[in-house]
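See structure below.
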Amino acid sequence: MTRASQSTPAFLYVAATPKGRRFGVRQARSERALSAELRADKLVLLKSWRLPGFLATERKLTLKDQAQLNELLGQLVGRGVPLVEALGVISQTVRPAARPRVHRLAELVAQGASFSNACRRVGGFDEVTIAVYQSAERTGDLAGSATQMAVSARRRMAVAGKAVTLLIYPALVMLIGVLVAIVMLTWIVPKIAGALEQSGMRLPAFTRAMAATGVAIRSNWMLVVLAVLVALTALVIGRAAVARIVRRAMHSIPLLSGVVRAQESAGFFSVMSAMSRSGVPLADALGVAVHAVGDPKLRRELTTLRTRLIEGGVLKKLIDEVTSLPLAVRRLLIAAERAGDLETAFGALADDMTAEVEKRSGRLLAGLEPALLVLLFTLIGSMLLSIMIPLMSATSRAFG
């Protein structure tokens, strides 16, 4: 979903139907637009309430749902099955969470709406998918476009799955380390420190501070839990701003930035491949695919490239100004344009970048392991030192 769609408000509404009243939640630009959409669905808006902004973000179809829907759509429509019947079949095979949306698609298409417009009204489809469907309706090749979107979704799933798998190991290690550190800080360190003080030993300031911190956390655990819940709530409410900050930070961290750029490039070229094969003009495809890029410099250069293409520029002369792309990629695109086969080049680049994500992910994981060891030593080692320092001092005095 694009940023623009993410900011669309959500409304809780009550509508009149021939059988009574219906309650629901739907996104719309305004209450008037909501009323118009409901009238198109043969509903009369009675009352509506605008929901808070943090509840307005619409849940998208997952990549797995998109891949399954498009694969089945391509197969059924390609074999001559009418679109409404194809959607009816698909609604019985997709995951239960996606069935209401597919049912709604079938209803809107049966009422005369175009497929792309139905996808926009139902929600959950990003602008890339809707743009491809619009182009497919103009060219009459919805089956071919759906098949290409399925390939694109599978490709993006492979990249996203690699990133998630990469983060599982360090996340589990850090979780275990934090839990062990909390147990040591709140129970073990205070008990040992108290026993040493009762034996008449003078504890170092570091040990006393660690023990006091552990006792304070244990004595005020409800406040600590409440603070954590408040922080998590703040993260949920401000998740869009947090996500922007995290994305910006990921582009500046060594090793991680390379993985992120390769992942974004794989998504960008995958989208360009799907849209080019569906007959979407290059400038229009760039306008949609650029949303897959988070690197500010590359995004700015691609936006400039699109503007100059619209003004009548030629790709082979303008592509060299996109210096954020590797030279080999620029040369490949120039050669592909001369041969009139840009869509194949975009597909090949998407595959190459997917492989690059895997290679860079391996390097990142190799670099994360020593960093995790240092971090775990800082967490747990500080607890151990707070215990060992007085014991070593007592031992040296005893044998001194």
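Structural remarks
- Cβ crowding within 10 Å ranks 301, 369, 321 as 369, 321, 301, fewest other Cβ atoms first.
- Neighbour-count ranking [beta-carbon atoms within 10 angstrom, fewest first] of 396, 273, 135: 396, 135, 273
- Given +1 at the Cβ of Lys and Arg, -1 at the Cβ of Asp and Glu and no other charges, the dipole of region 162-256 around its Cα centre is 320 debye to the nearest 20.
- Taking label positions 7 Å along the Cα-Cβ direction at both residue 396 and residue 114, the computed distance is 8.1 nm, reported to one decimal.
- Relative contact order (%) - region 63-155, alpha-carbon pairs under 8 angstrom, separation at least six: 42
- Mean residue ellipticity, 222 nm, helices only, the chain: the sum of -39500 (n - 2.57) across DSSP H runs of n ≥ 4, divided by residue count and rounded to 500, is -23000 deg cm²/dmol.
- Neighbour counting of Cβ atoms within 10 Å sorts the residues 186, 93, fewest neighbours leading, into 93, 186.
- Selection among 98, 281, 230 by position relative to the dipole of the chain gives 230 as farthest towards the positive end (Cβ unit charges, Cα centre).
- Under the convention that each Lys and Arg Cβ holds +1 and each Asp and Glu Cβ holds -1, the size of the dipole of the chain around its Cα centre is about 1060 debye.
- Among the trypsin sites (Lys or Arg not before Pro) within region 182-279, those in coil by DSSP and having at most 12 neighbouring Cβ atoms inside 10 Å are 202.
- Percentage relative contact order, region 142-264, counting C-alpha pairs under 8 Å, at least six apart: 19
- Expressed as a whole percent, the proportion of Cα-Cα pairs in the chain lying more than 38 Å apart is 40%.
- Charge dipole of the chain about the Cα centre (unit charges at C-beta), most positive-ward option of 20, 109, 148: 20
- Net charge dipole, region 63-155: roughly 240 debye, given to the nearest 20, about the Cα centre with Cβ charges of +1 for Lys and Arg and -1 for Asp and Glu.
Here, each number is a calculation from the coordinates, and none is a lab measurement. Just so we're clear, the structure is a prediction, and the values are computed from it rather than from any experiment. Virtual Cβ from ideal backbone geometry, glycine too; neighbours counted across all protein chains shown.
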